[in-house]
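Written out below as structure tokens is the structure these notes cover.
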Amino acid sequence: MSHKIKIRRATTDDLSEILDLFSGSVKQIGQQDYEPKQIAAWAASVHNQSRWQRAMSDQYFLVAVSNEIIVGFGSLEQEYLDFLYVHQNHQRQGIANLLYKVLEQEAARAGHRQITTDASKTAQGFFIRQGFDVIKENRKQIKGVELTNYRMSKKL
């Protein structure tokens, strides 16, 4: 990575940039594992502004910044890793690793004994490399479209 990545707490001013990153990442990266209608349903969650604002205020919510641009974000709610996304143009640069390590340290600092997450098919390999195990396959409905993801857990 040639440029310096800074990890910091997200602020409400970051929301529109976070939503753009989320939508672009889901649409681009999800293509390998999900059908177009599934990607559209998943990406449509950007419209649930109250969910995003609540996550940003209630969770340990971080952004990764490079050259004043948000290139990734992640969040932790208690022991649950809710979000971990990297900009589609900044994949495979170690950004998810950096975010994940800070989130894991925060979970341990807060006294949690494990981290759980619901990982997409696309992200499952990343979490396995971090030491997570698959607990079960989930099938969830978003806007009438079924998506598969995986409940995963890691002991701390």
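Restricting the stretch 92-103 to residues that are surrounded by 19 or more Cβ atoms within 10 Å (Cβ to Cβ) and either in contact (Cβ under 8 Å) with a residue 40 or more places away in the chain or more than 21 Å from SER25 (Cβ to Cβ) (or both), the residue that is farthest from the chain's Cα centre (by Cα) is GLN93. Contact annotation: residue pairs with Cβ atoms under 7 Å, 6 or more positions apart or on different chains, pairing a residue in the stretch 42-54 that is at negative phi and surrounded by 11 or more Cβ atoms within 10 Å (Cβ to Cβ) with a partner that is aromatic (Phe, Trp, Tyr) and in a helix (DSSP H, G or I), are VAL46/PHE22. Looking only at the stretch 63-87, residues that are surrounded by 15 or more Cβ atoms within 10 Å (Cβ to Cβ) and either over 13 Å from the mean Cα position of the chain (by Cα) or not hydroxyl-bearing (Ser, Thr, Tyr) (or both) come to 17 in all. Residues that are touching a residue at least 40 places away in the same chain (Cβ under 8 Å) and surrounded by 13 or more Cβ atoms within 10 Å (Cβ to Cβ) within the stretch 7-25 comprise ILE7, ALA10, ASP14, LEU15, GLU17, ILE18, LEU21, PHE22, GLY24, SER25, listed in sequence order. Checking each residue in the stretch 127-143 for being of a type outside the set (Val, Ile, Thr) and touching a residue at least 40 places away in the same chain (Cβ under 8 Å) picks out only LYS143.
Checked against (1) in a helix (DSSP H, G or I); (2) at pLDDT 95 or above, SER75 meets all criteria but (1). Filtered by the rule that a residue be of a type in the set (A, V, I, L, M, F, W, C) and closer than 17 Å to VAL71 by Cβ, the stretch 91-122 gives ILE95, ALA96, LEU98, LEU99, VAL102, LEU103.
The values are calculated or read from the model by the stated rules, or taken from the named source; none is laboratory data. What you see is a predicted model; the values in this text were computed from it and never measured. All Cβ positions, glycine included, derive from the backbone under ideal geometry; neighbour counts span all protein chains shown.
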